Amino acid sequence: MHSFEVENLEEIPIFKPQIPNKSKNPNSKSDWIFNIDILPNRAHDAVGHIGVAREVAALVGGKLKLPKFFNIRTTKQAGGVDVEVKDAQLCTRYMAAVARDVGVGDSPSWLRERLEALGLNSINNVVDAANYAMLVTGQPLHAFDLDKLQGKKLVVRKAKKGEKITTLDDETYNLSAKDLVIADSKNVLAIAGIKGGKIAEVDKNTKNLVLESANFNALSIRNTARSLGIATDASYRFEHEIPLSFAEDGLGYLMQLLQEVAEGKPQKQVLDIGRKTQRSVVVAVRPAYASSLLGEKLTAQKIERILKSLEFGVHTKAGVLHVKVPVFRMDIEREEDLVEEIGRIRGYENIKPEMPVAALYPPKRDIKNYWTRQIKKYLASRGFNELYNYSFVAEDAADIWGFNKNNLWELENPLNLDFKYLRPNLIPGTLQAARENLKNFTEIQTFEVGEVFIKQETNNEQTRLCLAIAAKAASAEKFYELKGYAESMFNALGISDIWFDDAFGEAEKEHYSYLHPARRAQIKLADDIVGIIGQINPRIADNYDLRGSLFVAELEMDKIINAAEKENIYTPVSQYPQVVRDISVLAPTNAKTSVVMEIIDIAGGELLRDVDMFDYYEQEPAGERSMAFHLIFQSDERTLKSEEVDKLMQKIIQELEKNGWEIK
Amino acid sequence: MADVSGIKNKAENELKKASTLHEVDAIWRKYLGRKGVLTAELRKLKDLSVANKKTRGAELNKLKKALEQMFDESRVQLQEKKYEQALQKDWIDITRPGKRAIEGSLHPLTKTIYELEDIFGSMGFEAVAGPQIETEWYNFDALNIPPNHPARDLFDTFWLKPRSKNLLLRTHTSPVQLRYMQNNQPPIRIIAPGRVFRHEATDASHEAQFYQIEGLMVDDKINVANFRAVIAEALSNFFKKDISTRLRPSYFPFVEPGFEVDITCIACSGKGCPVCSKTGWLELMGAGMVHPNVLEAAGYNPKNLQGFAFGIGIDRLTMMKYKIDDIRLFYASDLRFLNQFR
């Protein structure tokens, strides 16, 4: 609850106790592996056993006991090997030690077992010691065969164009001028900080070693590892930036270990080039601020105790704690970072929940949110199921639906070809859903409110609503059902001047080619297109093996919401009775209902309050159809006389007959 | 002159045979109608002497009353009989299924989002929205996640072409909060629900697109204790049971301190069960105190401003609430699944 998350605990059979630390209970049958998740902020200092042990010491109130390090004397002179660092920006510190007369062989069983338990393969005692030292100290280390070095000199430099390396695992990489390498006078020996090469590898014949303990630029390591496609324990640590001071600890631990597992004589004089340590930082923390941010009253003494347990130096002046941050805590930069240290070590469970005090302003109502909710609830109550489809559209879908690829947002790194573009409308997803659901239902009604994306200067992300009815039985009646729902919905939203226009310009015909050319219309508010409605073109439906027909209406939510009217306008009900007359018009199929109704409307005048179509009958062979209407007449001022209405009816019939239609 | 009791008996007999109201009406007309027997007798009264008129008149009146009563009773009886017959004929099998209206449904994620908006709304949090296509600056840099920083590895990102434009699909709804802060002065109390995207292979618990709700409260003295109280209250409301929180230290670049927040296991109320792997706690969300760099990016002076921020995965929350085991169900559009949520 204070430091890191232990992902799991693994029990493993006993190891032989490691020199010099003996297991407290020599008879214990097992040991434990802690799999700990170290997050990026602590990947500087805690990706190593010592770093974790330091945390545990702070938590249990114990004292960290460091393992034995070899006694190093750092020099600027060579001790059998010379090193030149050509790029100090990319390699801030480079330490090289020499060990002679080393006996390379199998690692002792305790070392082998530990490495394998921790997920690494055992190679030989030298390589294993280097890997183990990395796991313990957090410092990546590398060993070269000294005698395989051409010219007894190591150069830390950028690779030359065309240089190659074959690594220890027999992979060959082409290097670029951006990659940092370790080379001798002839060959590239290692991809610095990432992987060693075969040329100078330590094998059973190796007698003398060069041990490398260095600090490489995190970004450079990251870029090289990415571009070459390699990820190693070493590259991971360098990418997260490790303290400069680790170089010495790592090397000291390794040299000590080598003495124990590989004979040989490590030389005390160690070459050390570059900066030895980060500048030590002092950060001030005010007890009042820490208390205020956490919500718990903390005294300066309590805070000091906590920080000291983490090896922070504390000097109080005028009530403010000036904290000397250990060089390995590269994550501590400011006061808030210290507050986190205080809070987490103290334990967040000690902070009692307390409601904040705030002004009682009701939150602002978002108009779009309000109307979207109304629309969703309305549609759900009318039998529509809400869908959430994917925001993506596949490569082949773009072709099938006839989307102009210039207007599609393409992903740089799609998961796969199904996710190549962002959807420009909600219809492909709706069709996919219809196809699958028609396997289990004879008819479905769905809606989706979602964002669609069009590559254009403005308004490239739009919220749209797609209503759909899909049915196994192909019937044009479904179009009218969908249209009915749309019209009812507009009515519920207080939008009264919606009309349907099937006059498509050439560009529009092309754009909406995915709709059946004889069964589609634009939905308009005055001259503004707010949506489209139609049957999915059978060509496309067949392409997706849709077993039935699909009718969709897609609307631009912003336009609908702008037009929506919350308040109803009250009109007083007329106290005078209505007069209802029926009329039947027989007209050719291509005479539009809207035209017929318009003629009736105009001829009927102000007293004609409503024209309600109650019957519609196609007379197949004749190519005609009859439409029957209730005509409702009413006045607000008087009871209408029969003769008045008769006159109006005559006028209406006259106007209709002018078109050659039969009236009944 | 007709005999009164004779008329009465005759009428009685005829009435007995009547089986419908219609027949009763006919008999009534026969005796009491305009051309009826009694009416005719009453007309004969004018030819009688004063003394006889009186006697006969009284006699006829008595008869009239008796007849009226008889007819009323007969009508009532027949009406009753009519009702009884109808009631029997009208029997219906009430166990036959009713004619159901077609029922639609809101998506379960919509239900969760609306519920959270309402709960937080009732606590004064305004719901805000923002674009799904975001700039690198709003999604990362402004949130204290610099380029080439290992922290970026925490967010697998979908980038848009051309890469040089630095446009991406937002990996969280934090950019929405930043945009809001740029346009509003503290105190701030907002939630930002929305669709987010991660470049991740899909499986039962991971999707390339999912929903998050982020919350932000900024004022001069907002602290961790306030966060604990607010979130426990909101979640208790959501799960309709008492929820406690447990904070564990964690790292997100845009908060400091940062925590993972666990809640009391809703299946066992913290006692320990398979759902919570016997720990009594469920991992739910990340949170923390807003990093001063983020407040600065928002255009505020971070001095004297403190705030908490949190982010909850809505899919995860919904899966917990309804015991759904596969996140991909939310986007598969299978009505057999969606139908279950009205």
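The values are calculated or read from the model by the stated rules, or taken from the named source; none is laboratory data. A quick note: this is a predicted structure, and the numbers were derived from the prediction, not measured. Counting neighbours? That spans all protein chains shown, and the Cβs are built from the backbone with ideal geometry, glycine included.
The rows are residues; the columns are (1) at pLDDT below 90; (2) in a helix (DSSP H, G or I); (3) among the polar types (S, T, N, Q).
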| site | (1), (2), (3) |
| --- | --- |
| A:Ala78 | yes, no, no |
| A:Ala88 | no, no, no |
| A:Tyr94 | no, no, no |
| A:Ala99 | no, no, no |
| A:Asp106 | no, no, no |
| A:Arg112 | no, yes, no |
| A:Ala129 | no, yes, no |
Checklist entry - Within region A:363-390, restricting attention to residues that are hydroxyl-bearing (Ser, Thr, Tyr) and more than 7 Å from every other protein chain (Cβ to nearest Cβ), which residue is farthest from B:Tyr211 (Cα to Cα)? => result A:Tyr378
Checklist entry - Could you say whether any residue in region B:269-285 is more than 21 Å from A:Asn41 (Cα to Cα), in contact (Cβ under 8 Å) with a residue 40 or more places away in the chain, touching a helix residue (DSSP H, G or I) at 6+ places or on another chain (Cβ under 6 Å) and of a type outside the set (Gly, Ala, Ser)? => result no
Checklist entry - When only residues in region A:481-511 that are among the aromatic types (Phe, Trp, Tyr) and surrounded by 14 or more Cβ atoms within 10 Å (Cβ to Cβ) count, which is modelled with the lowest pLDDT? => result A:Phe504
Checklist entry - Within region B:325-336, how many residues turn out to be more than 9 Å from chain A (Cβ to nearest Cβ) and surrounded by fewer than 16 Cβ atoms within 10 Å (Cβ to Cβ)? => result 3
Item to check | Selection status of A:Ala58, of a type in the set (Gly, Ala, Ser) and touching a Phe, Trp or Tyr at 6+ places or on another chain (Cβ under 8 Å) | outcome: no
Checklist outcome for this item: Among the residues of region A:422-470, the number that are surrounded by fewer than 24 Cβ atoms within 10 Å (Cβ to Cβ), of a type in the set (Val, Ile, Thr) and closer than 18 Å to A:Ala398 by Cα is 2
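So that you can scan it fast, the table gives a plain yes or no per residue for (1) in a loop (DSSP other than H, G, I, E, B); (2) within 54 Å of the chain's Cα centre (by Cα); (3) within 30 Å of A:Asn437 (Cβ to Cβ); (4) without any contact (Cβ under 8 Å) to a residue 24 or more places away in the chain:
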| site | (1), (2), (3), (4) |
| --- | --- |
| A:Arg547 | yes, yes, yes, no |
| A:Ala553 | no, yes, yes, no |
| A:Gln575 | yes, no, no, yes |
| A:Ser584 | no, no, no, no |
| A:Val595 | no, yes, no, yes |
| A:Ala603 | no, no, no, no |
Item to check | Residues satisfying the stated conditions in region A:391-421, i.e. more than 9 Å from chain B (Cβ to nearest Cβ) and among the aliphatic types (A, V, I, L, M) | outcome: A:Val393, A:Ala394, A:Ala397, A:Ala398, A:Ile400, A:Leu408, A:Leu417
Checklist entry - Only one of (1) in contact (Cβ under 8 Å) with a residue 12 or more places away in the chain; (2) within 11 Å of another protein chain (Cβ to nearest Cβ); (3) surrounded by fewer than 21 Cβ atoms within 10 Å (Cβ to Cβ); (4) assigned to a loop (DSSP other than H, G, I, E, B) fails for B:Phe252. Which number is that? => result (3)
Checklist outcome for this item: Of those in region B:286-309 that are touching a residue at least 40 places away in the same chain (Cβ under 8 Å) and more than 14 Å from chain A (Cβ to nearest Cβ), the residue surrounded by the most Cβ atoms within 10 Å (Cβ to Cβ) is B:Ala298
Checklist outcome for this item: Of the residues in region A:27-83 that are loosely packed, with under 11 Cβ neighbours inside 10 Å and without any contact (Cβ under 8 Å) to a residue 24 or more places away in the chain, the one that is nearest to the other protein chains (Cβ to nearest Cβ) is A:Val60
Checklist entry - When you go through A:Ser235, A:Ser213 one by one, which is the residue that is assigned to a strand (DSSP E or B) and within 25 Å of A:Ser122 (Cα to Cα)? => result A:Ser213
Item to check | Subset of region B:1-33 [surrounded by fewer than 16 Cβ atoms within 10 Å (Cβ to Cβ), over 18 Å from B:Asp72 (Cβ atoms) and either in contact with an Asp or Glu (Cβ under 7 Å, 6 or more places away or on another chain) or in contact (Cβ under 8 Å) with a residue 40 or more places away in the chain (or both)] | outcome: B:Met1, B:Ala2
Item to check | Residue that is of a type in the set (D, E, K, R) and surrounded by 17 or more Cβ atoms within 10 Å (Cβ to Cβ), where the choices are B:Glu103, B:Glu117 | outcome: B:Glu117
Next on the checklist: I need the full set of residues from region A:1-39 which are modelled with pLDDT of 55 or more, hydroxyl-bearing (Ser, Thr, Tyr) and in contact with a strand residue (DSSP E or B) (Cβ under 9 Å, 6 or more places away or on another chain), in order please.
Outcome noted: A:Ser3, A:Ser30
Item to check | A:Ala117 in contact (Cβ under 8 Å) with a residue 60 or more places away in the chain and at negative phi | outcome: yes
Next on the checklist: Regarding region A:366-381, can at least one residue be identified that is more than 28 Å from B:Arg328 (Cβ to Cβ), surrounded by 14 or more Cβ atoms within 10 Å (Cβ to Cβ), in contact with a strand residue (DSSP E or B) (Cβ under 8 Å, 6 or more places away or on another chain) and acidic (Asp, Glu)?
Outcome noted: yes
Checklist entry - In region B:209-249, which residues are more than 15 Å from A:Pro353 (Cβ to Cβ), free of Cβ contacts under 8 Å to residues at least 24 places away in the same chain and at the interface with chain A (Cβ under 9 Å from one of its Cβ atoms)? => result B:Arg248, B:Pro249
Checklist entry - Exactly one of (1) within 14 Å of chain B (Cβ to nearest Cβ); (2) without any contact (Cβ under 8 Å) to a residue 60 or more places away in the chain; (3) of a type in the set (Asp, Glu) is unmet by A:Glu241. Its number? => result (2)
Checklist entry - Looking at this structure, is B:Glu59 within 21 Å of B:Ala18 (Cα to Cα), part of a helix (DSSP H, G or I) and not hydroxyl-bearing (Ser, Thr, Tyr)? => result no
Item to check | Within region B:130-155, tally of residues that are in contact (Cβ under 8 Å) with a residue 24 or more places away in the chain, part of a loop (DSSP other than H, G, I, E, B) and under 19 Å from B:Val176 (Cα atoms) | outcome: 6
Item to check | Criterion (part of a helix (DSSP H, G or I), out of contact with any Pro (no Cβ under 7 Å at 6 or more places or on another chain) and more than 8 Å from chain B (Cβ to nearest Cβ)) met by exactly one of A:Pro424, A:Pro428 | outcome: A:Pro428
Item to check | Residue check, B:Leu42 among the hydrophobic types (A, V, I, L, M, F, W, C), surrounded by 12 or more Cβ atoms within 10 Å (Cβ to Cβ), touching a helix residue (DSSP H, G or I) at 6+ places or on another chain (Cβ under 8 Å) and without any contact (Cβ under 8 Å) to a residue 24 or more places away in the chain | outcome: yes
Next on the checklist: With the requirement that a residue be out of contact with any strand residue (DSSP E or B) (no Cβ under 9 Å at 6 or more places or on another chain), more than 23 Å from B:Met289 (Cα to Cα) and either outside any loop (DSSP other than H, G, I, E, B) or at pLDDT 95 or above (or both), what does region B:178-206 give you?
Outcome noted: B:Asp203, B:His206
